[in-house]
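Below is one structure, written out as structure tokens, with a few remarks after it.
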Amino acid sequence: MSIHLFASSFVRPLVASLSLAFVATLAQAQLPTAPLAPHAAVHALAQQEQQPLLDTLRDLVHIESGSKDLEGLAKIAALIASQLQQRGAAVEILQPSDVYRLDDTPEKVGPVVHATFQGQGTKKIMFIAHMDTVYLKGMLKDQPFRIDGDKAYGLGIGDDKQGVATIIHTVGMLQKLGFKDYGTLTVLINGDEEISSPGSRSTITRIAAEQDAVFSFEGGGATGALRLATSGIGAAYLTVDGKASHAGASPEKGVNALYEMSHQLLQMKELSRPEQGLKLNWTVASAGTNRNVVPAQAKAQADARALKVSDFDALEKELQAKVQNKLLPESRVQVKFEVRRPPLEATEASRRVAEHGKRIYQEIGLPLSVLSEATGGGTDAAFAGLKTRGAVVEGMGLSSFGAHSNDAEYVLIDTIVPRLYLATRMVMDLSSGKLK
Ligand SMILES: [Zn+2]
């Protein structure tokens, strides 16, 4: 199908309902040099791909894959690997060996599907999404995949099975188009995102470092906005060791860990810098065993948030310095800080790519918004952003709702065609160097 023919058939149904001015804009868009003509073959393919994508989504939802369900994760990884292989990728399933152990990291973490499409160009592009969910095994039977009107429901469908399906069908479209002008197109699908990616973070960071652009397919949210920044999540663990003694008979022989912890918490309660988005709040504490025993141990946890990677580094140093100042010199105080997820900061490169996304959306007559300020939770895009000079863009997935809600998680079917079009066209324009 030629672009001209397509543009004509695209314009006709719109003419009746739109103003003359807009029709004039569309008419101009048919000129070969104008940026607003929809790419006919891509748009037609995206439409053809909607139903197959829903079928893939059904298959993905019907494999339970909680972050700690290694059997389920192996099964879904095998399905994803074969889907990518069928579309021309060289695929390997990695079992993480370099695990960043967090407080809640299980003995074994889920695998990572690593697929590579070899092209004839120079640009390196990566797509990421995750296949694990927050749900426990056995919940699927009450909430299977179903379609109701313009919504597709299912556990984990929004977070993040839609991301996996959108990636599979985007690479499928590129294959059908015979498009190979990129250097490499890499797909990484991890199985431990919902437990803060202890096993996959180093792989995501390492491979992302070589890329010109990384696109993360978490849900696009209600507005379908692309996100260039996400907030970082950290945790601090304070441990105080004192010495037990009879609280009634000889308290002076003990070292009261609860007193020391209280002193530490009070001196570490003002470390937030709200004006720069750095927050530290102590939220959990415990001490002692019996009323009549001087407590020998006390523990506390804090939640930390930051918008800049360097803020977490500074906070950790500050915490380590603070614990040197003790109320009870004989106590032992330790603080451990863990980065659950670093913040993702908007960069010039990511702004440029997202701006181009707006132009691509204009080709199909849709607005696209871009958020450069962190709004909520962290994602794997932040690990991708740690060492790369390329663009990192989050929120490439379908509009989805009810993540982690345990009830009625769904995606909007109407967003499938625009998102497939966006991702496919983005690869094409990045590969051709059209986007500087
Ligand atoms: Zn997610």
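Values quoted throughout were computed directly from the atomic coordinates according to the rules given, and no laboratory measurement underlies them. Just so we're clear, the structure is a prediction, and the values are computed from it rather than from any experiment. Every residue, glycine among them, receives a Cβ derived from its backbone with ideal geometry; neighbour counts consider all protein chains shown.
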Report task. Using a 10 angstrom cutoff on alpha carbons, build the Gaussian network for the chain and name the most mobile of Thr186, Thr166, Thr122. Result -> Thr122
Report task. Assign one of three labels to region 289-330, namely rounded, prolate or oblate, based on the Cα gyration tensor with a ≥ b ≥ c the square roots of its eigenvalues; rounded applies when a/c is under 1.5, prolate when it is not and a/b is larger than b/c, and oblate otherwise. Result -> oblate
Query - region 232-341 - charge dipole about Cα centre, Lys and Arg +1 at Cβ, Asp and Glu -1, debye rounded to 20 - result: 180
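What is the dipole size for the chain, taken about its Cα centre, with +1 at each Lys and Arg Cβ and -1 at each Asp and Glu Cβ, in debye to the nearest 20?
Values: 45 positive and 47 negative charges, 136 e Å.
So the magnitude is around 660 debye.
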Requested in this report: Counting residues in the chain as N, plug N into 2.2 N^0.38 Å and put the Cα Rg over that result.
Outcome: 1.15
**Report entry** Most mobile of Thr203, Thr379, Thr133 in a GNM of the chain (Cα contacts under 10 Å)
**Finding:** Thr203
Query raised in the report: Of the residues Lys141, Lys68, Lys308, which exhibits the maximal mean-square fluctuation in a Gaussian network model of the chain defined by a 10 Å Cα contact cut-off?
Result: Lys141
Requested in this report: Could you tell me which of Val333, Trp282, Tyr259 has its Cα farthest along the dipole of region 232-341 towards the positive end, charges placed at Cβ (Lys, Arg +1; Asp, Glu -1), taken about the Cα centre?
Outcome: Trp282
Requested in this report: Working from Cα positions, state the angle (0 to 90°, nearest 10) between the long axis of helix 162-176 and the longest principal axis of the chain.
Outcome: 30
Requested in this report: Specify the angular offset, from 0 to 90 degrees and rounded to the nearest 10, of the alpha carbon long axis of helix 309-322 from the longest principal axis of the alpha carbons in the chain.
Outcome: 0
Query - Part-to-part distance (alpha-carbon centres) for region 347-425 and region 251-297, which is given in Å - result: 41
Report summary line: Taking Cα atoms only, helix 348-363 is inclined relative to the longest principal axis of the chain by an angle, in degrees rounded to 10, of 40
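If you take every DSSP beta bridge fully contained in the chain, what fraction is antiparallel? Give it as a percent rounded to 5. Write down the numbers at each step before the final one.
Numbers: 52 of 69 bridges.
Taking every DSSP beta bridge with both residues in the chain, the antiparallel ones total about 75 percent.
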Query raised in the report: By its C-alpha gyration tensor, with a ≥ b ≥ c as the square roots of the eigenvalues, how is region 232-341 shaped: rounded for a/c under 1.5, else prolate for a/b larger than b/c, else oblate?
Result: prolate
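List, in the order given, every pair from Lys75/Lys137; Lys108/Lys299; Lys124/Lys180 whose Cα-Cα distance in the structure shown is over 18 Å.
Details: Lys75/Lys137 13 Å; Lys108/Lys299 26 Å; Lys124/Lys180 12 Å.
The pairs that break the limit, which is 18 Å between Cα atoms, are Lys108/Lys299.
Taking a ≥ b ≥ c as the square roots of the eigenvalues of the Cα gyration tensor of region 70-153, is the shape rounded (a/c under 1.5), prolate (a/b larger than b/c) or oblate?
Working: a/c = 2.16, a/b = 1.19, b/c = 1.82.
Since a/c reaches 1.5 but b/c is at least a/b, the shape of region 70-153 is classed as oblate.
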Report task. Calculate one ³J(HN,Hα) per residue across region 84-96 by plugging θ = phi - 60° into the Karplus curve 6.51 cos²θ - 1.76 cosθ + 1.60, and present them in order as whole Hz with x for glycine and proline. Result -> 6, 4, 4, 9, x, 8, 8, 10, 9, 9, 8, 9, x
